[in-house]
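The structure's right below; bear with me while I get my questions together.
The values are calculated or read from the model by the stated rules, or taken from the named source; none is laboratory data. Source: prediction; values computed, not measured. For neighbour counting, all protein chains shown are included, and Cβ atoms are generated from backbone atoms with ideal geometry for every residue, glycine included. Calculation scope for accessible area: heavy atoms of the full protein, side chains included, ligands and nucleic acids excluded. Shrake-Rupley method; radii C 1.70, N 1.55, O 1.52, S 1.80 Å.
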Amino acid sequence: MYQLSINNLTIEQFLSQYWQKKPLLIKSGFANFVDPIEPEELAGLAMEESIESRLITNHNNDWQAHHGPFENFSLLTEQNSTLLVQAVDHWHPKAATLLTPFRFVPNWRIDDLMISFSTPGGGVGPHLDQYDVFIIQGKGKRHWRVGMPDPNLKQFAQNKSLLQVEQFDAIIDAVLESGDILYIPPGCPHEGYAVENALNYSVGFRAPDQKDLISSFADYLIDNELGNTRYSDANLIKSDSVGMISDNEVENIHQLMQQAFADKHTFKHWLGTMISQPKHDMDLAPLDEPLNYEELTDYLASSDFIYRAGGVRSVYQVHGESVLLSVNAQTYTLPITALSSVQLLTDKTEFTVLQIKEALKCVVFMKTLAKLISEGTYYLQEGDEFE
């Protein structure tokens, strides 16, 4: 298990002083860091059809981006090349443990773990991200420059899939060694180039914008045949100008739209469903035969532990006397008495069967857990000592 140390700051101090405010270089954030994956394993993942990968080269300042899956790695030259693989936490359980130390940020905000392998001079060039990211240095060294947000910086496309930014003033200019970590808030320009063959791990966070949220909510209303209240104007009076939309009519339409958001149960159900939607494929192993909830107790007796599969998005909301559990874009309504067990499903990646023993008296919880296990989002395994 990786233990995070943030320059002798408490989590509360880091959040108040740095989170979404300014970048931070964290020396020896992971002491005695051991890489959870080897470059050869990363290359193997990049050969898979279902895993998103890219290979970026910058020979003589000619930036090229190539998309996987890759049959060979002739483009991964001895210098100036980078292999990037998205959502490695979905496919590599050991690498997925790197996310755990950063779960002081709510689960729904964590996006995925991207891993890159770069040869000397390899990188993706100066660029901006619109989300928070922690970049962990693995084996090798990488030279990083990070600046503060500057609205005057111009972005440009090196090619269709590689957006960069012009040169910037850096407030961090350092060579990172194994176990060092960079925290970079949204909008901070940054660039990193390998000094020697290097592995880097990027923990990215989700930051949906207004149009994405509104679009998703509209789709939810359509899919569930909601939001059918029509505009009405029973108190209409004669207008001096039939071409004008009056301020009163604007307000009525505004209120009509706001009413769609007013039903808290509908809103929370949509939010959980949307925010738990996985962005990448996952390595799930559903049961050959769906598990009947009546068989659940006997089935759980085969193991001491329950695990959440890598990449599964699992969140909950409290709504009155109910708990809305959302797992991979499916939302379930459970009684509030199951709250502590729901928290285990969402807060922990592994827990003991004994810890949910009381909840197994609840038929709704048993039906939900049986379905989740049948789908492979949670699974049983006799394994190492529970931590």
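Counting other C-beta atoms within 10 Å, and keeping those with at most 15, which DSSP coil trypsin sites (Lys or Arg not before Pro) do you find in the stretch 310-361?
On the way: sites: R313, K348, K357, K361; in loops: R313, K348, K357.
Qualifying residues, ordered by number: K357.
Sticking with this one: Can you compute the modelled spin-label distance between S232 and N60, with each label point 7 Å from Cα toward Cβ, in nm?
Calculated label separation equals 7.3 nm.
Using 7 Å Cα-to-Cβ label points, what is the N292/W19 separation (nm, one decimal)?
4.7 nm
In the stretch 160-209, which GluC sites (Glu not before Pro) are in a loop and have at most 14 other Cβ atoms within 10 Å, using DSSP for the loop call?
Values: sites: E166, E177, E191, E196; in loops: E166, E177, E196.
Taking the stretch 160-209 and a limit of 14 other Cβ atoms within 10 Å, the loop GluC sites (Glu not before Pro) found are E166, E196.
If you don't mind, there's one more thing I want to ask. Students often get this wrong: which residues of the stretch 307-350 have the backbone nitrogen under 12 Å from the point 7 angstrom along Cα-to-C-beta of E358?
Residues 337-342 qualify, since their backbone N sits under 12 Å from the label point.
Let me ask something else about it. If you count only protein heavy atoms with a 1.4 Å probe, what accessible area per residue comes out for the stretch 101-167, rounded to a whole Å²? Intermediate results must be reported in sequence, preceding the final value.
Working: 2800 Å² over 67 residues.
Accessible area per residue: 42 Å².
Moving on. Using alpha-carbon positions, what is the distance between the centroids of the stretch 312-387 and the stretch 185-206, in Å?
Distance between centres, Cα-based: 34 Å.
Accessible area per residue, 1.4 Å probe, Å², for the stretch 231-387: what's the number?
Numbers: 9420 Å² over 157 residues.
For the stretch 231-387, the solvent-accessible area averages 60 Å² per residue.
Taking all protein chains as present, what is the carbon and sulfur share of the accessible area of the chain, in % to the nearest whole number, probe 1.4 Å?
On the way: 10390 of 20650 Å².
Whole-percent figure for carbon plus sulfur exposure: 50.
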